[in-house]
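Visitor: Sharing a structure here in structure tokens format.
The values are calculated or read from the model by the stated rules, or taken from the named source; none is laboratory data. Everything numeric in this text was worked out from a predicted model, so none of it was measured. For neighbour counting, all protein chains shown are included, and Cβ atoms are generated from backbone atoms with ideal geometry for every residue, glycine included.
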């Protein structure tokens, strides 16, 4: 296991990994205080080696990693890939491709919807992954040996999970089912989220056109504010039209539309 902290070392390891047809990938990030996730660690493994990349190391340039993610000759294997892809997309404008998502493959094979990584590993390999550092602060430095072993184990177990799922998909003739889902998962449209569509994410009970118009306007405003300030949505407007940052509508007389907003959790 190697800890990569410099650009030359990263370029060298990515060049080695690029010679393999399959590479397993995972990321560790924080998102509690930002709108966009803060990438803290990347771990990758081929059939021959496993590495941990300190993405917060001073002066490191992640370009070799992003180039590997875009390498069409290398299949990148993730579990529950959406947030990992979103991070790469936001930082580099690159969508990893081609990819294989073991959570999607597991669903296709009958393991259930959105199965957790540790449960899938245990069911396929019989090994129970260590959960000790699941909620650790990955932005703290230096990284400990235990943290690095935890990070590496994610991608080394993922090799075994991928091999088993891939073989089972081919045996059952379901590989194309997963491929179709991967095309959606790797479409830029999936990650190009416009503020004017923010209201679609709300489980709304609003039906009246006037109330819906206010809901759409405030949801879009909150999304724009969160993006521009790189803070969580709840820091902009929280709960029952919270007081963190007032939208212009808040200065108007209370109307039915505003009570609807509160009901939606904005």
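Visitor: Which of the numbered conditions does residue 101 fail, given that it passes all the others? Conditions: (1) closer than 25 Å to residue 140 by Cβ; (2) surrounded by 20 or more Cβ atoms within 10 Å (Cβ to Cβ); (3) touching a residue at least 40 places away in the same chain (Cβ under 8 Å).
Guide: Result: residue 101 passes all but (1).
Visitor: Shifting gears a bit: Return the only residue of 167, 151 being in a helix (DSSP H, G or I), assigned by TED's automatic domain parsing to the domain that holds residue 180, under 17 Å from residue 39 (Cβ atoms) and out of contact with any helix residue (DSSP H, G or I) (no Cβ under 9 Å at 6 or more places or on another chain). Give the steps one after another, and end with the answer.
Guide: On the way: 167 fails: under 17 Å from residue 39 (Cβ atoms).
None of the others qualify; the one that does is 151.
Visitor: Condition first: out of contact with any helix residue (DSSP H, G or I) (no Cβ under 6 Å at 6 or more places or on another chain) and buried (at least 16 other Cβ atoms within 10 Å of the Cβ). Now tell me which residues in region 82-93 satisfy that.
Guide: 84, 85, 86, 87, 89
Visitor: Taking region 33-46 as the region of interest, how many residues are in contact with a strand residue (DSSP E or B) (Cβ under 8 Å, 6 or more places away or on another chain) and farther than 21 Å from residue 150 by Cβ?
Guide: Residues in region 33-46 being in contact with a strand residue (DSSP E or B) (Cβ under 8 Å, 6 or more places away or on another chain) and farther than 21 Å from residue 150 by Cβ: 0 in total.
Visitor: Quick check on region 171-191. Is at least one of its residues crowded, with 17+ Cβ neighbours inside 10 Å and over 22 Å from residue 21 (Cα atoms)?
Guide: Within region 171-191 (the criterion being crowded, with 17+ Cβ neighbours inside 10 Å and over 22 Å from residue 21 (Cα atoms)), the answer is no, since none of the residues qualifies.
Visitor: Being more than 16 Å from the chain's Cα centre (by Cα), in contact (Cβ under 8 Å) with a residue 60 or more places away in the chain, assigned by TED's automatic domain parsing to the domain that holds residue 151 and in a loop (DSSP other than H, G, I, E, B) is the requirement here; does residue 47 meet it? Lay out the reasoning, then the answer.
Guide: Values: more than 16 Å from the chain's Cα centre (by Cα): yes; in contact (Cβ under 8 Å) with a residue 60 or more places away in the chain: yes; assigned by TED's automatic domain parsing to the domain that holds residue 151: yes; in a loop (DSSP other than H, G, I, E, B): yes.
For residue 47, the condition - more than 16 Å from the chain's Cα centre (by Cα), in contact (Cβ under 8 Å) with a residue 60 or more places away in the chain, assigned by TED's automatic domain parsing to the domain that holds residue 151 and in a loop (DSSP other than H, G, I, E, B) - is met.
Visitor: State all residues of region 63-80 that are in contact with a helix residue (DSSP H, G or I) (Cβ under 7 Å, 6 or more places away or on another chain) and in a loop (DSSP other than H, G, I, E, B); if no residue qualifies, say none.
Guide: Listed by number, the residues that qualify are 74, 79, 80.
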